[in-house]
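I have placed the structure first, in the form of structure tokens, so that the comments after it can refer back to it.
Just so it is clear, none of the values below were taken in a lab; they were calculated from the coordinates. All figures in this text were calculated on a predicted structure; none of them were measured in a lab.
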Amino acid sequence: MSTPLVFDRSLVRRRLARALHQGYADFLLVRAVEDLEERLSTVLRTFSLALDVGTPTPAAAEILRRSGRAETVVRLAPVPEAGSILGDEERLPFSGERFDLAVSLLALQGVNDLPGTLIQIRRALKPDGLFIGALLGGSTLSELRQSLTQAEAEIEGGVSPRVAPFADLRDIGGLLQRAGFALPVTDSDLVRVRYANAFALMQDLRRMGLTNALHDRRRTPVRRATLLRTAEIYAERFGDADGRIPATFEIVWLSGWAPHGSQQKPLRPGSAKTRLADALGVKEGAPAPPVDKK
């Protein structure tokens, strides 16, 4: 059975290359890299060989090298880049059971075959190797999607695919298990960014390479009237009291281990005695303070 083509992968890479050339908007990636470093700090080991799978910039690979958590880091880059291997996250060019650690930040939301990609990552890991990834989740750009859908229906009398679908947190854990990972863990980080208007948000999306790269996208540009109406609806439905608009980005974190006989066995469902939020000393469901963008 062939995998449905949701994304135009060559266009995804071209859009990212353009964003990097024009000045990549890295505020989400910086946050993800900091979170990755914190998550790895709880793992009491050093990794001899680590793999970065498609992170848009070398930031994740660089932090692994600087921190000393990985002795050697191999980077699979989505666009040509000095010192890295050019490749596609959906087709890893590595033999099996080679790496002790694999990471991927804000890249896997753009693959057509996420289950297959996770299987390849698991096969690239040595037994008891660790995978930590972050991708954009289902709540991402919910405000923009609703505003654009309503505007297009009003102005053009119909709706076409404009904003990419994002993976749901509830499904990710199952995908990790299907891929053969042991001890899978998922959680999400809701990031609320405030903009002057919808056009400032769209500019940032271009600078992240996140504009429409759907395979079945409409090939004609969005009408100016539709964009103007989108901005109006966005401000009316979601605008804050000071006139700025919020944009939600959901970063879904996933981790799992390549199976090994020494690993602890998962607890029986429902047998936990402590909530995760209590163990971490945080308020459950508490969003981070909003970030204001110019």
request  = Can you tell me the 0 to 90 degree angle between the C-alpha axis of helix 27-40 and the longest principal axis of the chain, rounded to 10?
outcome  = 20 degrees
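By DSSP, what percent of the beta bridges with both residues in the chain are antiparallel, rounded to the nearest 5?
Working: 21 of 41 bridges.
Restricted to the chain, the bridges split so that about 50 percent are antiparallel.
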request  = Name the residues whose placed amide hydrogens come within less than 5 Å of the amide hydrogen of LEU125, ignoring near sequence neighbours (fewer than 5 apart) on the same chain.
outcome  = GLU97, ARG98, PHE99
query = Volume per residue, Å³, of the convex hull around the alpha-carbon atoms of the range 111-210?
reply = 127 Å³
request  = Quote the relative contact order of the chain in percent (integer), defining contacts as alpha-carbon pairs under 8 Å separated by 6+ residues.
outcome  = 22 percent
query = Between the helical axis of 142-156 and the dominant principal axis of the chain, each derived from Cα atoms, what acute angle in degrees is found, rounded to the nearest 10?
reply = 40 degrees
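Which value, in nm² and rounded to one decimal, describes the direction-averaged projected area of the C-alpha convex hull of the range 67-170? Before the final figure, lay out the partial values.
Details: hull surface 37.0 nm².
So the mean shadow area of the Cα hull is 9.2 nm².
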task = Could you tell me the distance between the Cα centroids of the range 167-234 and the range 102-131, to the nearest Å?
result = 20 Å
task = Tell me what the chain gives for mean residue ellipticity at 222 nm when only DSSP H runs of n ≥ 4 count, each as -39,500 (n - 2.57), the sum divided by the residue total, rounded to 500 deg cm²/dmol.
result = -10500 deg cm²/dmol
ask   = Which entry in [x] 60, 44, 41; [y] 79, 48, 34; [z] 106, 63, 34 matches Cα extents along the principal axes in Å derived from the coordinates of this structure?
value = [x]
message = Output the 0 to 90 degree angle, nearest 10, between the alpha-carbon long axis of helix 198-207 and the longest principal axis computed from the alpha carbons of the chain.
response = 40 degrees
request  = Hey, can you grab everything whose amide H is under 5 Å from the amide H of VAL222? Only 5+ residues off in sequence or another chain; H modelled, so Pro and N-termini drop out.
outcome  = none
inquiry  = Counting each pair of different Cα atoms once, what's the Kirkwood radius of the range 1-62 in Å, rounded to one decimal?
reply    = 14.3 Å
